Amino acid sequence: MGLKAFNLFWLFFFVPFAAMTVVRFYGVTGVVCYALGIWLLMVANAYWSVLVRTLQRRHIVWVLLPVGCYVLLAVGGFFYSYVSDFSMALGEALIQGRILAYLGILVVIALLAFLNSRVQMACIYSELNRREKMPQVKHAGRYRFLNHFGLTGEYMKLELKMIFRNKAPKKNFQMMTVIIVSFALSLLGFSHAGEEEFFSLHLYVVYCFTGYAISILSRIMAYEGNYLDGLLMHRGSLLYLFRGKYYVYCLLLVIPLMCMLPALILGSISVLLVFSQLVYTAGVTFPVIMLLALMNRKTAPLDASLMGKGQWNSPYQALSVAFAFFAPIAICRILFIWMEPSTAYLVCTLLGVPGIVLHPLWCKLLYRKVFQKRHSLMEDLRETR
């Protein structure tokens, strides 16, 4: 992690900044020393990020750790001067090439690396020694309302039980719920009339609606690889599975919609924007992400989160996530050039309607394509269990 090239990314920002401000006082040597110090800080930040994400996989309450740290930094920066004084003193020490400044950062890096090793080893042993919990009888009648949907309802139950009973999808669901609530609350400070807020406003709305799909649905067939043998015993099982998944994630759209109601009531965001992205997500984004059933060939563990394989199956998964994020924003931006925002949102809504109305057709087509490749798919998923 410390030697990854990604840690050099922020130098694209800091080196030009140093070239404009540092070089006139400290010369090129000052810029080099400053860049070296920034790189070490980015390495420390990478270790901090890994530590936080590992702890969050253990329990959702660990999300309070980074939140508390950043709140303290914000309070110290806005209401007191000790954070800004320390950062300026550290930056000047790095520019001047003082050894103690670099040693201090290296000590922080060593401490974070040590904490990461201890925490990750503890998590690995916990996953290796985990015991299967016996199902509780009191949950036997859960999701009884889905009995009205026949076999599709049974597979909807299977999807819901996978999300709420298994550790890996459950943690993804919990973390995404926290993010969706945070983004929905952030929308309270926006105004849909502000041109400068276009990208952030649309990105927050799109992220809220697509969050569960990109975190859980994008692993379609990867989670099912653990029990695909049973699914293929009956010819039409996968068809009911695909329909059940689509219906479940359409139902989950109610959660971000409810979270955005305060922003809608206060007028921070447009009703047409929210409704258009809701329909677009159900009619365009979900079908595109479900096409990953043809590409995902690695089984993702249902309970192992740190040692899990197949979390990212292929480059197609990353492309589908990028499409889910940026395609609706790009479409709205292009439509805004020729038409009013209300008309543009209507066009986005119309783009999603065919996917919703014709979902029995494209689910059947997807089922046929996957069923044709069932032998190679089964072999790949078995090898990666």
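Brief remarks follow.
- Here the average projected area of the convex hull drawn through the C-alpha atoms of the stretch 245-308 stands at 6.2 nm².
- Three principal axis extents of the stretch 1-111 based on alpha-carbon atoms, in descending order, are 49, 36, 25 Å.
- Length available on full extension from residue 12 to residue 62: 0.36 nm per residue minus the Cα-Cα distance, which gives 14.8 nm.
- The share of alpha-carbon pairs in the stretch 234-371 lying farther apart than 28 Å comes to 28%.
- Protein-only accessible surface at a 1.4 angstrom probe places the residues 366, 232 in the order 232, 366, largest first.
- A simple spin-label model places the labels of residue 327 and residue 86 4.6 nm from each other, with each point 7 Å out along Cα-to-Cβ.
- Sequence ranges 174-181, 244-251, ranked by mean other-Cβ count within 10 angstrom, highest first: 244-251, 174-181
- Kirkwood Rh (inverse of mean 1/r, distinct Cα pairs), the chain, angstrom: 24.0
- Rg and Dmax of the stretch 166-293, both derived from C-alpha coordinates alone, stand at 16.6, 55 Å.
- Rounded to the nearest 10 degrees, the inclination of helix 150-165 to the longest alpha-carbon principal axis of the chain is 20 degrees.
- Exposure rank, largest accessible area first [62, 338; 1.4 Å]: 338, 62
- Nearest-ten-degree value, helix 167-186 long axis tilted from longest Cα axis of the chain: 70
- For residue 21, the accessible area of its heavy atoms, probed at 1.4 Å with every protein chain present, is near 60 square angstrom.
- When you restrict to C-alpha pairs under 8 Å that are six or more residues apart and normalise by the size of the chain, the relative contact order lands at 17 percent.
- Surface per residue (accessible, 1.4 Å probe) for the chain, Å²: 55
- Charging the Cβ of each Asp and Glu at -1 and of each Lys and Arg at +1, and nothing else, the dipole of the chain about its Cα centre rounds to 1720 debye.
- Tilt relative to the chain, helix 64-78 - C-alpha long axis, 0 to 90 degrees, to 10: 40
- Euclidean distance between Cα centres, the stretch 337-368 to the stretch 20-85, Å: 43
- Accessible surface of the chain, 1.4 Å probe, proportion on carbon and sulfur as whole %: 70
- Peptide packing for 48-61, 371-384, 274-287 was compared via the average number of neighbouring C-beta atoms within 10 Å per residue; ordered from the highest value, the list is 274-287, 48-61, 371-384.
The values are calculated or read from the model by the stated rules, or taken from the named source; none is laboratory data. Model, not experiment: these values are computed from the prediction. Positions of Cβ are backbone-derived with ideal geometry, glycine not excepted, and every protein chain shown enters the neighbour counts. When the accessible area is computed, the model is the full protein with side chains, heavy atoms only, and any ligands, DNA or RNA have been set aside. Shrake-Rupley method; radii C 1.70, N 1.55, O 1.52, S 1.80 Å.
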